[in-house]
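The structure appears below as structure tokens.
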Amino acid sequence: MNRKSDASGNQGIIADTVSAQVMAVGKNATAIQNLSSGDLSQFRASLQELKTAIEGIALPEKAKASISEDVNGLEAEAAKATPDRGRVEGALRSLASSAQLLGEFVSNAGTILAPIAKLAAIFGFAIP
């Protein structure tokens with residue numbers, strides 16, 4: 001059996017137009033994007049907007065507890081100089097999932113999706 005070595009072939013990228021804030025290329029490459037002070041301020045303000053939207057919805061206690069856990073996680077990250085992108089993304093995905101589930105039972109649960117999407121955009125990912 002003939003097996004190609006990992007060193008053979010094109011190890012780079014060919015791109016005509018690239019739009020990115022950070023980029024990592026190559027085997028085991030990692031790119032880390034830190035938020036600017038403006039982004040961090042926007043993150044904190046948008047988190048407050050999300051909390052206000054959640055307070056405006058009459059939620060069942062079980063749902064409120066679950067959502068509060070995710071919001072508390074976001075608040076912990078917002079308090080840091082460098083929030084953990086993975087934790088923020090996980091909390092926002094969980095919140096979006098909860099909002100979509102609640103939408104079947106609470107007519108205005110969708111109002112929290114806009115602030116969730118806004119928070120996700122600050123970190124450069126989309127929440128469906």
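The values are calculated or read from the model by the stated rules, or taken from the named source; none is laboratory data. Remember, predicted model here, so these are calculated numbers, not experimental data. Backbone-built Cβ (ideal geometry, glycine too); neighbour counts: all protein chains shown. Just the protein is used for accessible areas: all its heavy atoms, side chains included, with ligands, DNA and RNA removed. Shrake-Rupley method; radii C 1.70, N 1.55, O 1.52, S 1.80 Å.
Would you check if Phe105 is in a loop (DSSP other than H, G, I, E, B) and either within 12 Å of the chain's Cα centre (by Cα) or modelled with pLDDT of 85 or more (or both)? Before you say what the answer is, go through the steps one by one.
Working: in a loop (DSSP other than H, G, I, E, B): yes; either within 12 Å of the chain's Cα centre (by Cα) or modelled with pLDDT of 85 or more (or both): no.
Criteria not met by Phe105.
Looking at Phe105, Phe125, which one is of a type in the set (Phe, Trp, Tyr), farther than 16 Å from Glu55 by Cα, out of contact with any Cys (no Cβ under 7 Å at 6 or more places or on another chain) and open to solvent by 50 Å² or more (accessible area, probe 1.4 Å)?
Working: Phe125 fails: open to solvent by 50 Å² or more (accessible area, probe 1.4 Å).
Exactly one residue qualifies, and that residue is Phe105.
Which pairs have Cβ atoms under 9 Å, sit 6 or more apart or on different chains, and link a residue in region 45-67 that is over 10 Å from Ile112 (Cβ atoms) to one that is open to solvent by 80 Å² or more (accessible area, probe 1.4 Å) and in a helix (DSSP H, G or I)?
Pairs that qualify, where the first residue is over 10 Å from Ile112 (Cβ atoms) and the partner is open to solvent by 80 Å² or more (accessible area, probe 1.4 Å) and in a helix (DSSP H, G or I), are Ser46/Lys118; Ala63/Leu101.
The rows are residues; the columns are (1) surrounded by fewer than 17 Cβ atoms within 10 Å (Cβ to Cβ); (2) more than 17 Å from Phe125 (Cβ to Cβ); (3) in contact with a helix residue (DSSP H, G or I) (Cβ under 6 Å, 6 or more places away or on another chain).
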| site | (1), (2), (3) |
| --- | --- |
| Asp39 | yes, no, yes |
| Ala45 | yes, yes, no |
| Ala76 | yes, yes, no |
| Pro83 | no, no, yes |
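Would you check which residues across region 53-72 are in a helix (DSSP H, G or I) and open to solvent by 30 Å² or more (accessible area, probe 1.4 Å) and list them? If you could, list the steps in order and put the result at the bottom.
Going residue by residue through region 53-72, those that are in a helix (DSSP H, G or I) are 53-55, 61-72.
Scanning region 53-72 gives Glu55, Glu61, Lys62, Lys64, Ala65, Ser66, Ser68, Glu69, Asn72.
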